[in-house]
Amino acid sequence: MPVTENFGEANPSSPFQVRFWGVRGSVPTPGPETVRYGGNTSCVEVLCGGRRIIIDGGTGLRLLGRSMMEEGAVTADILLSHTHLDHIEGFPFFVPAFGAGNQFRIWAGHLLPDTTLEKTLGRLMSAPLFPVPLEAFGTQVRYYDFRAGDSLALGDGITVQTTMLDHPNDAVGYRIAYGGRSVCYISDTSHKAGQTNQNIVNLIRDSDLVIYDAMFTEDEFADRPHWGHSTWEEAIRLAQLANARRLVLFHHDPARSDDDLDMLAETAAARQPGTIVAMEGQTLDI
């Protein structure tokens, strides 16, 4: 896929880190029952030696954008798993995209050949849905479409492998590799009971960190097998099959309270030591 020369600059002495800005699925859930884990929808920041990659643009993207405004001129690649509303609704409120001097490349691998990323985001930011058009972003934002299964070379030794996930209207999973380490993002995806999604296992094999869609429990999934989401039990099973080092449960059901997620964290960690439940504001070293 095409890349832009001199798009930021990595610093090998800087950390390889993940930070969560939105961990909720389907719809934002502000309120007293979601204060600790957060109510913003999917947005994850990955720092690769100082280079910034953003995965998904849910409402957490607004908070990340506010933080970025304190840095001066910024650059980032934004990888979209898909374009359902809860994964792109932060774009109209992503202030750095409107600022001259900033640079963003936005990538999607699930839309061709029916449409393109630029057209899809243009529909989001158009009347009567939103009063400010996509063109307000200007030339500092560029849009790239690829096909799931492609590998992306983002420069500075950062490579991204992709695979198609099992989700209505399609979605893409990512493996970001840098400096001999890797982080994988698998959201949104379903699974078939008693079967193994070998594409996911291959993508996450021997990875250092896997962020996985654990919206349901097995009991909940039995009534919703075609909703395009998976379970914490399946997350652990796939991580064990793939020999992944650490697992983070993500894309929490909007009905899941902080207390519910505390219980899930305890149960999952007992099943697979080291497993954690994603929390807004949390930072992990890769």
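From the residues in the stretch 89-108 that are touching a Lys or Arg at 6+ places or on another chain (Cβ under 6 Å) and of a type outside the set (D, E, K, R), which one is surrounded by the fewest Cβ atoms within 10 Å (Cβ to Cβ)?
Only one residue tops the list, namely PHE93.
Which residue is farthest from THR159 (Cα to Cα), if the candidates are limited to the stretch 9-48 and must be small (Gly, Ala, Ser) and surrounded by 22 or more Cβ atoms within 10 Å (Cβ to Cβ)?
GLY38
Provide a single number: the residues in the stretch 162-186 that are basic (Lys, Arg) and closer than 14 Å to LEU152 by Cα.
1
Every residue, every condition in (1) within 15 Å of VAL74 (Cβ to Cβ); (2) modelled with pLDDT of 90 or more; (3) in contact with a Ser or Thr (Cβ under 7 Å, 6 or more places away or on another chain); (4) charged (D, E, K, R), yes or no:
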| position | (1), (2), (3), (4) |
| --- | --- |
| GLY8 | yes, no, yes, no |
| PRO12 | no, no, no, no |
| PRO15 | no, no, no, no |
| TRP21 | yes, yes, no, no |
| PRO30 | no, yes, no, no |
| ARG36 | no, yes, no, yes |
| GLY39 | no, yes, yes, no |
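Checking the structure you have, find out if any residue of the stretch 115-124 is surrounded by 17 or more Cβ atoms within 10 Å (Cβ to Cβ), closer than 24 Å to ASP213 by Cβ and in contact with a strand residue (DSSP E or B) (Cβ under 6 Å, 6 or more places away or on another chain).
Yes, the conditions are met somewhere in the stretch 115-124.
What are the residue pairs meeting all of these: first residue in the stretch 64-79, first residue touching a residue at least 40 places away in the same chain (Cβ under 8 Å), second residue assigned to a helix (DSSP H, G or I), Cβ atoms under 7 Å, and 6 or more apart or on different chains?
Pairs found: none.
So if I check each of PRO273, PRO254, PRO225, which one is modelled with pLDDT of 95 or more and under 18 Å from SER26 (Cβ atoms)?
PRO254
Looking only at residues that are surrounded by fewer than 18 Cβ atoms within 10 Å (Cβ to Cβ) and among the β-branched types (Val, Ile, Thr) in the stretch 132-172, which one is farthest from ILE55 (Cα to Cα)?
Per the criteria, the residue is VAL132.
The values are calculated or read from the model by the stated rules, or taken from the named source; none is laboratory data. None of the values given here were measured: they were computed from a predicted structure. Don't worry about glycine lacking a Cβ; one is built from the backbone with ideal geometry, like all the others, and counts go over all protein chains shown.
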